[in-house]
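Enquirer: Provided herewith is a single structure, encoded as structure tokens, for subsequent inquiry.
The values are calculated or read from the model by the stated rules, or taken from the named source; none is laboratory data. Remember, it's a predicted structure, so these values are computed and weren't measured experimentally. FYI the Cβ positions are ideal-geometry reconstructions off the backbone, even for glycines, and counts take in every protein chain you see.
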């Protein structure tokens, strides 16, 4: 009998442990389901269905990304990343002259590829710079319109970074380095290629044939998603061909339903003629898109530090680059209007980051390290721009225990006094604080004047900086 009770107690103990284990599994599954970033819905290959998918929260919370234009065009580094097209197709004078003066007769563009060495490309260093910039995601050109792929594409024989030039999987190396940080990794992919004979054949057939799409570009899209699992798929270059030709809807439906990144991936809107600014995920509408008003859908401002080129240009001068002030101004305006800013750099053919571009990224990061609470995890306020001041923009936190609005000043008043027209204060309730260079908060005196303009006395001690943030709690919105 004693043995029986001992066995019974042991069995009960093991059974209890089993029940606890099962309960834990159920709890974990529940947590996994609850933390899924998008609903478990099957999306159809129609734009109505695709457009109904909500963007994963991470994208809107991030606000800032890094764009990287890198390829064989980084070797001539003349005019822009469109150099090959300007030289051989348009035969533009400056490009023709550049080639005649610097290269042998009958030199071909593919002969630049061996000089695309990436010998000084250190992906961990790149990742550290991007982390220091304050960006939250990175988008690399896996292939631009020249057709050269930065990964060992099976459909781009002898025109990829593993077969010629670096002899390295540049996409894979950067993806691994980025994922050592908390940044998210994304890929740009050009649908068309300027001089691909299969594309030119389909184009001549008015896109009624699919030699290029079935044999080249569509397999590449599936390849980069399955291999590198990018959480941004940034499409470009439809070249006036309809989305049916590119089989865009079918690819996106697969991306949302079955791909390894189906729950977290975001896409843009460049998937076929007439699709841009109308369908897809976030809208880009055009390069350097800054609409000036609040939009109904999430959008992105893809812009570049070099005002004239996305790729590296060796002849650029200091006046060709945006200043730190211009970058911060663009960021503030973009975020206040509900957009993300994707700021572009162009590395050299050797794999280095041009010092001025690295400096601009680090300067942006220094500003965000202090003022990031007015940028990350925010949303547009009732007013995006102050009614009395063109140089003051507003954001508000998505979640806050106390009603809070951030007023971001892009100019410092000589009088050290500002009057806000879009809000006013409430006695013993409203508080105004200036975020100082070390991140601490400085209380500022305020009062409502006779016209109920909200007058704030600023501290002149930091007027030599740029992009000042006022944190205003319990404001009263002017109706």
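Enquirer: Scan the stretch 105-146 residue by residue and report those that are within 25 Å of the chain's Cα centre (by Cα) and assigned to a helix (DSSP H, G or I).
Expert: The answer is 123, 124, 125, 126, 127, 128, 129, 130, 131, 132.
Enquirer: Which ones in the stretch 81-100 are surrounded by fewer than 20 Cβ atoms within 10 Å (Cβ to Cβ) and within 20 Å of residue 287 (Cα to Cα)?
Expert: Scanning the stretch 81-100 gives 85, 86.
Enquirer: While we're on this one: Please state which of the following conditions residue 312 fails to meet, knowing it meets all the rest: (1) part of a helix (DSSP H, G or I); (2) more than 15 Å from the chain's Cα centre (by Cα); (3) in contact (Cβ under 8 Å) with a residue 40 or more places away in the chain.
Expert: With respect to (1) part of a helix (DSSP H, G or I); (2) more than 15 Å from the chain's Cα centre (by Cα); (3) in contact (Cβ under 8 Å) with a residue 40 or more places away in the chain, residue 312 is out only on (1).
Enquirer: Wholly within the stretch 330-417, which strands (runs of 3 or more DSSP E) include no fewer than the required count, namely at least 1 residues that are in the same structural domain as residue 117 (by TED's automatic domain parsing)?
Expert: Fully inside the stretch 330-417 and qualifying: 339-345.
Enquirer: Does residue 281 fit the bill of being out of contact with any strand residue (DSSP E or B) (no Cβ under 7 Å at 6 or more places or on another chain), within 18 Å of residue 236 (Cβ to Cβ), part of a loop (DSSP other than H, G, I, E, B) and modelled with pLDDT of 95 or more?
Expert: Working: out of contact with any strand residue (DSSP E or B) (no Cβ under 7 Å at 6 or more places or on another chain): no; within 18 Å of residue 236 (Cβ to Cβ): yes; part of a loop (DSSP other than H, G, I, E, B): yes; modelled with pLDDT of 95 or more: yes.
No.
Enquirer: Identify the single condition in (1) under 21 Å from the mean Cα position of the chain (by Cα); (2) farther than 30 Å from residue 306 by Cα; (3) surrounded by 21 or more Cβ atoms within 10 Å (Cβ to Cβ) that residue 347 does not satisfy, given that it satisfies every other one.
Expert: Just one mismatch for residue 347, condition (2).
Enquirer: Confirm whether residue 174 is touching a helix residue (DSSP H, G or I) at 6+ places or on another chain (Cβ under 8 Å) and within 15 Å of residue 223 (Cβ to Cβ).
Expert: No.
Enquirer: A follow-up question, please. Confirm whether residue 358 is under 30 Å from residue 440 (Cβ atoms), more than 15 Å from the chain's Cα centre (by Cα) and either free of Cβ contacts under 8 Å to residues at least 40 places away in the same chain or surrounded by fewer than 17 Cβ atoms within 10 Å (Cβ to Cβ) (or both).
Expert: It is false that residue 358 is under 30 Å from residue 440 (Cβ atoms), more than 15 Å from the chain's Cα centre (by Cα) and either free of Cβ contacts under 8 Å to residues at least 40 places away in the same chain or surrounded by fewer than 17 Cβ atoms within 10 Å (Cβ to Cβ) (or both).
Enquirer: Hey, residue 246 hits all of (1) over 21 Å from the mean Cα position of the chain (by Cα); (2) surrounded by fewer than 22 Cβ atoms within 10 Å (Cβ to Cβ); (3) in contact (Cβ under 8 Å) with a residue 24 or more places away in the chain but one; which does it fall short on?
Expert: (2)
Enquirer: If you check residue 91 against the conditions, is it free of Cβ contacts under 8 Å to residues at least 40 places away in the same chain and at positive phi?
Expert: Yes.
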